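*Asks:* Take this structure, written in structure tokens, and hold onto it; I'll ask about it next.
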Amino acid sequence: MIKLLIEKELKNILLSPKFAATFLVCSILILTSVYIGVQEYHTAVAQYEANQQIATQDIAQATNWGSVRNQVHRKPNPMQVFVSGLHFDVGRVSRISGFQDVKLTRSPYSDETLFALFRFIDLTFIVQVVLSLFAILFTYDAINGERENGTLKLAFANSVSRASYLISKFAGVWIGLIIPLLILILIALLITTLMGVPISGGDWVSISSFIGLSVLYVTFFIGIGLLVSTITRKSSLSFLLLLVIWIGGVLILPRMSVMASGQLVEVESIAQIEAKQEAYQKARWDEYSSTISETWRKRSQEMEGMDDAERQAYRDEKEWDWLEEDDAARKQVQQDITENNRRLIEETSNQKKLQERVAFSLARISPASSFRLAAMNIAGTDIDMKSRYEDSMREYRDKFTDFTQKKQSESGSRGGFSINVDSESGVKIDFGRDDQTLDTSEMPQYSAPVLSTSNALSKSILDFGLLGIFIILTFGGAFISFLRYDMR
Amino acid sequence: METANETIKQAPLLEARNLTKVYEDGVKALDNLNIKVMPGEIYAMLGGNGAGKTTTINIFLDFIQPTNGNAFINGIDSNSDPLEAKKNVAFVSENVQLYPNFTAMQNIDFFVRLGGKSNYKRSDYENALNRVGLQSEAFDKKLRDFSKGMRQKCGIAIAILKNAPAILLDEPTSGLDPKAGKEFTKLIGELRDEGKAILMSTHDIFRAKEISDHVGILNNGELVAQRTNAELKGVNLEQLYVEYMAGYMEETDQNLVLTNDLN
Ligand SMILES: Nc1ncnc2c1ncn2[C@@H]1O[C@H](COP(=O)(O)OP(=O)(O)OP(=O)(O)O)[C@@H](O)[C@H]1O
Ligand SMILES: [Mg+2]
């Protein structure tokens, strides 16, 4: 019975013109997206390699370690072909220098603004937006359409249970949509490997989880389509309702949640923080100078009534203590300012994290956000990608500066120049220029941060769970409502 | 053939017992309806629009629940055990709708197998379609392009192929051309002779008189008159119908209603 019903459902889908049209659209979208994604990846790799080479050459041509200008690059990630995430928006390169903080600049889109105008459509976007819409297109009239057609009555004039009918409906649509999707994704993967994108073992795990995630996501939309088509009598109404749900869930809610969290959790801008830092600094120094003048006034008061000799003696005796006292006070001020700066930055970053958490929690009301966030987490193109890179670059910077300092002290050169006064050769100014190039073989090499697959998966487990719950809710709802559905 | 039926005393295959239906909006669609259809009998329900004919059939098929009373198919209450009850019945609605993307053959194959018959061959389907008079060019055409009468023929073919002991027909001839209507009359006569119990709602008084063993007239959910075929000999059924629909003679007819039980 169930087999027969599923068979019919499948046949009905495969024979419908709707299916041919949507399959064609999906094929074109998915295949071109992956093709472009792969090309984009190859360009990124070529650029990355060229940049790295230039960087090493630059270092090699430098004359001493103090004047080396090092920079490191974000390494292209094969997963960005499918889940571009923040890849195009996060900078690709950072200076490595003891004098300035690590900062990723020059994102792909900031370099090529034309492409930013019409953003790259990755597989994630296609699944999130296009496939969810198609899932709705195939389910909005699943039950009420058959009621309107009269086929529901004819079917239920037989010994058919409602449960098996709904399960078959679900299974039929599911197979009819998911199998073609999987086939397309497999072809896309084949293209990716044939076009020479190196996909590691870990990447395959990520890709499989991404596929699983996509399947769950599309399943959710099949579920909600069924649900709405069982709680309404007319397919025109269910279509409208589902469209509203889709627009709300896929287009509006994720953005709204970010805006809402911006309202709920205030995060100060860099300018505001700098202003605060400066204000504190000024206040502290003002306070310091007034206390210093106060102290000196007191000190001179203490010397009142003394004659010059006494004064001199008193001063000689106290001077050292006074200087130490003042120095300690000044150091205290400096320490306070540093401490305050650090605290302000930490507070902001905590607020930022809170804001992120609030935004994500709100966004996750919509499975579209769950899907997107989990996909980016799996691929490693998520919101933490930037900090992950910057943290590892900072670590590298420390290593690198240690190394250069060591090298400089070894060669006795302090970077700029040194002046040697020698009785025989007179004054010799040494610019530290050894005529040979620097030996970079011992130089520490930067390696991209590795996001372990298990780590990435554990970050997305919540979203998998949420999607599962949403599916159970929608399908359970559809089930309950179909059990009392009026077939006529 | 009539004598053969009358000699065998059997349980009714279709029975409405004190059936009452009040819809949620308060409309009383059926009022204490009692109908029995024996094997090898055709029962025609007559009655104006909104008389309660479709409501009766819907209760038999468990599409709606009776407010009171029971509907039995082959002795099984279709409200308490619908799956078992519906194994014993085939149904043709007044407007048969099939899957537009499937051909006639594909539709028939699906619905017949859903009805529990999975060992038919294509030739069996062809025979049934020939029997209902569907032109053979249409067998493998998609239903999308079928006329109402053609769909109706497919629906009847499905009902025949299900080969259930009881058949419910809700205005089955609506949309059929005169020739097909005549063929259909012949066909249900054959089915009756095979021993099926047929409950049919219709507006076609003449055909009802021609083939039915019983005619019942429904008015506002009430069975206001019931006649056997023999009782209708020489009676102008149309006259009778119009009179009952107008609400005449209700009280004088008790004895005629009771004659049904003797059958
Ligand atoms: N779902 C419903 N809710 C409320 N009232 C209904 C419903 N379905 C039918 N009715 C009412 O029940 C009464 C009987 O309707 P029914 O469809 O059984 O008539 P019918 O004899 O089949 O008429 P027709 O010859 O037009 O097919 C009508 O008054 C109708 O308005
Ligand atoms: Mg009717």
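*Asks:* Sorted by mean Cβ packing within 10 Å, highest first, what order do the peptides A:477-483, B:32-38, A:18-24 take? Write out the running numbers ahead of the final one.
*Replies:* Values: A:477-483: 17.9, B:32-38: 20.3, A:18-24: 14.7.
Most protected by this proxy first, the peptides run B:32-38, A:477-483, A:18-24.
*Asks:* If you don't mind, another one. May I ask you to give the average projected area over all directions of the convex hull of the Cα atoms of the protein assembly as shown, in nm² rounded to one decimal?
*Replies:* Working: hull surface 213.8 nm².
Spelled out: convex hull of the Cα atoms, projected over all directions, averaged, 53.4 nm².
*Asks:* Right, next: Taking every pair of Cα atoms in segment B:89-163, average 1/r, invert it to obtain the Kirkwood radius, and report Rg/Rh to two decimals.
*Replies:* On the way: Rg = 10.8 Å, Rh = 11.9 Å.
Computed over Cα atoms, the ratio is 0.91.
*Asks:* Still on this structure: Going by alpha carbons, how many degrees (0 to 90, nearest 10) lie between the helix axis of B:178-193 and the longest principal axis of chain B?
*Replies:* Around 70 degrees separate the two axes.
*Asks:* Based on alpha-carbon centroids, what's the gap between segment A:1-59 and segment A:373-389 in Å, whole number please?
*Replies:* With segment A:1-59 and segment A:373-389 each reduced to a Cα centre, they are spaced 20 Å.
*Asks:* Within a Cβ distance under 13 Å of A:A478, other residues only, what is the Lys/Arg minus Asp/Glu net charge? Don't skip to the answer; put the middle values down first.
*Replies:* Details: positive: A:R162, A:K169, A:R484; negative: none.
Taking every other residue near A:A478 into account, the sum is +3.
*Asks:* If each DSSP helix of 4+ residues adds -39,500 (n - 2.57) and the sum is divided by the residues in chain B, what number results at 222 nm, nearest 500 deg cm²/dmol? Numbers along the way, then the final one.
*Replies:* Values: 10 runs with 97 residues, N = 263.
The helix-only estimate for chain B comes to -10500 deg cm²/dmol at 222 nm.
*Asks:* Here's another thing I want to ask about it. How large is log10 I(q)/I(0) at q = 0.10, 0.17 Å⁻¹ when the Debye formula is applied to the Cα atoms of segment A:42-170, each weighted equally and without solvent?
*Replies:* The computed values of log10 I(q)/I(0) come out as -0.57, -0.97.
*Asks:* If I fit a long axis through the Cα atoms of helix B:148-162 and take the longest principal axis of the Cα atoms of chain B, what angle between them do I get, 0 to 90°, rounded to 10?
*Replies:* Approximately 90 degrees, to the nearest 10.
*Asks:* Here is a follow-up. Could you list log10 I(q)/I(0) for segment B:42-178 at q = 0.09, 0.13, 0.15 Å⁻¹, which the Debye formula gives when each Cα is one point scatterer?
*Replies:* With no solvent term, the Cα-only Debye profile gives -0.28, -0.58, -0.76.
*Asks:* Tell me which residues come under 5 Å, amide H to amide H, from A:N70 once H is placed; ignore anything under 5 positions away on its chain.
*Replies:* Amide H to amide H, under 5 Å and 5 or more residues apart or across chains, A:N70 pairs with A:I96.
*Asks:* Still on this structure, I have one more. Distance in nm between label sites at A:Q277 and A:D316, each 7 Å beyond Cα in the beta-carbon direction?
*Replies:* Distance between the two pseudo-spin positions: 4.7 nm.
*Asks:* Which residue fluctuates the most in chain B, going by a Gaussian network model with Cα springs under 10 Å, if the choices are B:P165, B:P39, B:P178?
*Replies:* Among B:P165, B:P39, B:P178, the largest GNM mean-square fluctuation belongs to B:P178.
*Asks:* Write down the percent of antiparallel bridges among all DSSP beta bridges whose residues are both part of the protein assembly as shown, to the nearest 5. Please list the in-between numbers first.
*Replies:* Numbers: 31 of 50 bridges.
Just about 60 percent of them are antiparallel.
*Asks:* Using label points projected 7 Å from each Cα along Cα→Cβ, tell me how many nm separate B:N163 and A:E49, to one decimal.
*Replies:* Computed distance between label sites B:N163 and A:E49 equals 7.3 nm.
*Asks:* Nearest 10 degrees, 0 to 90: what angle lies between the long axis of helix B:104-114 and the longest principal axis of chain B (Cα atoms)?
*Replies:* 60 degrees
*Asks:* Okay, moving on. Calculate the mean, over all residues of peptide A:142-152, of how many other protein chain Cβ atoms lie within 10 angstrom of the residue's Cβ.
*Replies:* That average works out to 2.
*Asks:* Which net charge results when you count Lys and Arg as +1 and Asp and Glu as -1 among the other residues whose beta-carbon is under 13 Å from that of A:T401?
*Replies:* +3
*Asks:* Normalised by the number of residues in chain A, what is the relative contact order in percent for Cα pairs under 8 Å and 6+ residues apart?
*Replies:* Details: 543 pairs, mean separation 130.4, N = 488.
Result for chain A is 27 percent.
*Asks:* Taking the beta-carbon count within 10 Å as an exposure proxy, list A:V173, A:V267 from fewest neighbours to most.
*Replies:* Exposure proxy ranking, most exposed first: A:V267, A:V173.
*Asks:* Report, by chain and number, residues whose modeled amide H sits under 5 Å from the one on B:E222, excluding near sequence neighbours (fewer than 5 apart, same chain).
*Replies:* Sorted by chain and number, the residues that satisfy this are B:D31.
*Asks:* Which of the DSSP-defined H helices in chain A satisfy a minimum axial length of 24 Å, computed from C-alpha atoms, and a minimum mean Kyte-Doolittle hydropathy of -1.0?
*Replies:* Numbers: long enough: A:17-61 (65 Å, 0.42); A:162-194 (47 Å, 2.02); A:201-231 (45 Å, 1.61); A:270-302 (47 Å, -1.47); A:308-363 (79 Å, -1.54); A:385-410 (37 Å, -2.08); A:453-483 (43 Å, 1.48).
Going by DSSP H runs, the hits are A:17-61, A:162-194, A:201-231, A:453-483.
*Asks:* Further, regarding this structure: Regarding chain B, what's the average projected area of the Cα-atom convex hull, expressed in nm²?
*Replies:* Details: hull surface 56.6 nm².
Averaged projected area of chain B's Cα convex hull equals 14.2 nm².
*Asks:* Below 8 Å, C-alpha to C-alpha, sequence gap of six or more: please give me the relative contact order for segment B:89-163 in percent.
*Replies:* Relative contact order, segment B:89-163: 52 percent.
*Asks:* From the backbone phi of segment B:204-214, what are the Karplus-calculated ³J(HN,Hα) couplings (6.51 cos²θ - 1.76 cosθ + 1.60, θ = phi - 60°) in whole Hz, Gly and Pro given as x?
*Replies:* So the J values, rounded to whole Hz, are 8, 4, 5, 5, 4, 5, 5, 10, 6, 8, 9.
*Asks:* Count the lysine pairs in segment B:89-163 that are 8 or more places apart or on different chains: how many have C-alpha atoms under 20 angstrom apart?
*Replies:* Taking the Cα cut-off of 20 Å, the pair count is 9.
*Asks:* For a 25 Å ceiling on Cα separation, which of these pairs sit above it: B:K182/B:K209; A:K169/B:K86; A:K153/B:K21; B:K86/B:K233; A:K153/B:K209? Intermediate results must be reported in sequence, preceding the final value.
*Replies:* Working: B:K182/B:K209 13 Å; A:K169/B:K86 21 Å; A:K153/B:K21 19 Å; B:K86/B:K233 35 Å; A:K153/B:K209 29 Å.
Correct reply: B:K86/B:K233; A:K153/B:K209.
*Asks:* What is the fewest-to-most order of A:R147, A:R342, A:R311, A:R74 by other Cβ atoms lying within 10 Å of their Cβ? Intermediate results must be reported in sequence, preceding the final value.
*Replies:* Numbers: A:R147 22, A:R342 10, A:R311 14, A:R74 25.
Starting with the residue having the fewest Cβ neighbours, the order is A:R342, A:R311, A:R147, A:R74.
*Asks:* Counting only GluC sites (Glu not before Pro) that are in a DSSP loop and have at most 14 other C-beta atoms within 10 Å, tell me the longest site-free stretch of chain A. Walk me through the numbers before you get to the answer.
*Replies:* Working: sites that count: A:E112, A:E266, A:E304, A:E424, A:E442.
Formally, the longest exposed-site-free interval is A:113-265.
*Asks:* Once every DSSP H run of n ≥ 4 in chain A is given -39500 (n - 2.57) and the sum is divided by its residues, what mean residue ellipticity at 222 nm do you get, rounded to the nearest 500 deg cm²/dmol? Walk me through the numbers before you get to the answer.
*Replies:* Details: 16 runs with 335 residues, N = 488.
Mean residue ellipticity, 222 nm, calculated: -24000 deg cm²/dmol.
*Asks:* Taking the beta-carbon count within 10 Å as an exposure proxy, list A:C26, B:C154 from fewest neighbours to most.
*Replies:* Numbers: A:C26 19, B:C154 27.
In order of increasing Cβ crowding within 10 Å: A:C26, B:C154.
*Asks:* Tally Lys and Arg at +1 and Asp and Glu at -1 over the other residues with C-beta under 9 Å from the C-beta of A:N70: what net charge comes out?
*Replies:* Numbers: positive: A:R69, A:R95, A:R397; negative: A:D58.
Once positives and negatives cancel, what remains is +2.
A short reminder: the numbers here are calculations on the coordinates, not readings from a lab. Model, not experiment: these values are computed from the prediction. Methodologically, a virtual Cβ is constructed for each residue, glycine included, from the backbone with ideal geometry; neighbour enumeration extends over all protein chains shown.
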